[in-house]
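Chemist: After the structure tokens below, expect a handful of questions from me.
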Amino acid sequence: MKQRILYLFTRTPLHVGAGASVGAIDQPVQRERHTGFPIVPGSSLKGVLRDHLGKLGIDAINKYFGQGGDDKVFTAGEVSFGEARLLLFPVRSARGAFALATSPLALQRFARDAKIKVPIPELAGKMTCLAGEKVVIQDKGVVLEEFRFNYAGAFPSDWENLLTGLLGDAVLAGAKGRFVLLADEDLSHFAKNACQVNQHVRIDDDTGTADSEGGGLFNEETVPSETLFYAALTNLRGSQESNPVLQALELEQLVQFGAGGSTGLGFCTVKLAGGQ
């Protein structure tokens, strides 16, 4: 079985809902239970990409995605879609406007799944960081949201070059100097507490105006723009024949995921690693 890595870089805020409220958030995003990192489930990736590639006229969609339904013919697909995991998370910075934060755990997972041999940098502990020059204040510290982190050195250049080269997207490709390595618990804190929360008013179907009764006001959590996810795609049959689904995804393109597409949410730069 051959595994490839699919990258998703959010251009607009993304909402892939958890389906249940948590605390004060009526519509939270889906997260890993143990880290609190936001994710995009493999089922969501598969459904969106099936629809997207079908509209592009890709042949043999049922062969690669599987089929079922009214025709009573059920087959498993030949491509497995893993969940999209967090690699970079944007955080407000007192210098440089924003930083792209990651952690040793996020890099370890990515290195394992993408089979990358670049050494994983280490940190002394919480509230310390390795950071690029655009977000460091006079070589003394980095201020992210309301927290000040002790500057322990430059973000590793080998990882910086690797991350900026993953996509041609202008923001990621031009992010040199913005990367920050945080402790795992610090990245988890930001991933759970620094997502956007937007308020909405439910529209009454009969009147076409705001629903003033029955809890018409609700809030929705979204993952911010400039978040980088990656997902493992596996060719289950291990066939050496050309796979039109994987070939189509090798071209960097714009795809909409999750809810709110008509209001501009969920648009992502998408590309499968290994293409030209």
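The values are calculated or read from the model by the stated rules, or taken from the named source; none is laboratory data. Worth saying up front: this structure is predicted, and the values here are computed from it rather than measured. All Cβ positions, glycine included, derive from the backbone under ideal geometry; neighbour counts span all protein chains shown.
Chemist: Exactly one condition in (1) touching a residue at least 24 places away in the same chain (Cβ under 8 Å); (2) surrounded by fewer than 16 Cβ atoms within 10 Å (Cβ to Cβ); (3) among the hydrophobic types (A, V, I, L, M, F, W, C); (4) in contact with a strand residue (DSSP E or B) (Cβ under 8 Å, 6 or more places away or on another chain) is false for F74; which is it?
Modeler: Only one criterion in (1) touching a residue at least 24 places away in the same chain (Cβ under 8 Å); (2) surrounded by fewer than 16 Cβ atoms within 10 Å (Cβ to Cβ); (3) among the hydrophobic types (A, V, I, L, M, F, W, C); (4) in contact with a strand residue (DSSP E or B) (Cβ under 8 Å, 6 or more places away or on another chain) is unmet by F74, namely (1).
Chemist: Still on this structure, please answer the following. When you look at Q240, is it at pLDDT below 85, assigned to a loop (DSSP other than H, G, I, E, B), out of contact with any helix residue (DSSP H, G or I) (no Cβ under 9 Å at 6 or more places or on another chain) and within 20 Å of A170 (Cβ to Cβ), yes or no?
Modeler: no
Chemist: Within region 124-157, take every residue that is small (G, A, S) and touching a Phe, Trp or Tyr at 6+ places or on another chain (Cβ under 7 Å) and give me the one that is nearest to L172 (Cα to Cα).
Modeler: Looking at the filtered set, the residue picked out is G132.
Chemist: State which residue pairs qualify: first residue in contact (Cβ under 8 Å) with a residue 12 or more places away in the chain and of a type in the set (D, E) and inside region 95-118, second residue surrounded by 16 or more Cβ atoms within 10 Å (Cβ to Cβ) and not in a helix (DSSP H, G or I) in any location, beta carbons under 9 Å apart, and separation of 6 or more residues or different chains.
Modeler: Close Cβ pairs (under 9 Å, with a partner that is surrounded by 16 or more Cβ atoms within 10 Å (Cβ to Cβ) and not in a helix (DSSP H, G or I)) amount to D113/I5; D113/G82; D113/R85; D113/Y230; D113/A231; D113/A232.
Chemist: Just need a number here: residues in region 25-82 that are within 21 Å of L236 (Cα to Cα), hydroxyl-bearing (S, T, Y) and in contact with a helix residue (DSSP H, G or I) (Cβ under 6 Å, 6 or more places away or on another chain).
Modeler: Selection size over region 25-82: 1.
Chemist: Which residues, counting only those in region 1-27, are at pLDDT below 90, in a loop (DSSP other than H, G, I, E, B) and not aliphatic (A, V, I, L, M)?
Modeler: G19, S21, G23, D26
Per-residue answers, yes or no, for (1) part of a helix (DSSP H, G or I); (2) surrounded by fewer than 17 Cβ atoms within 10 Å (Cβ to Cβ); (3) touching a Phe, Trp or Tyr at 6+ places or on another chain (Cβ under 9 Å):
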| site | (1), (2), (3) |
| --- | --- |
| I58 | no, no, yes |
| K63 | yes, yes, no |
| R92 | no, yes, yes |
| A101 | no, no, yes |
| Q108 | yes, yes, no |
| D113 | yes, yes, yes |
| E122 | no, yes, no |
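Chemist: Of everything in region 7-47 that's in contact with a Gly (Cβ under 9 Å, 6 or more places away or on another chain) and within 26 Å of K115 (Cβ to Cβ), which residue is surrounded by the fewest Cβ atoms within 10 Å (Cβ to Cβ)?
Modeler: For region 7-47, the residue satisfying everything is G42.
Chemist: Related question: Within region 243-256, take every residue that is closer than 27 Å to S225 by Cα and of a type in the set (S, T, N, Q) and give me the one that is modelled with the lowest pLDDT.
Modeler: Per the stated criteria, the residue is Q247.
Chemist: Q138 - would you say it is at positive phi and not basic (K, R)?
Modeler: yes
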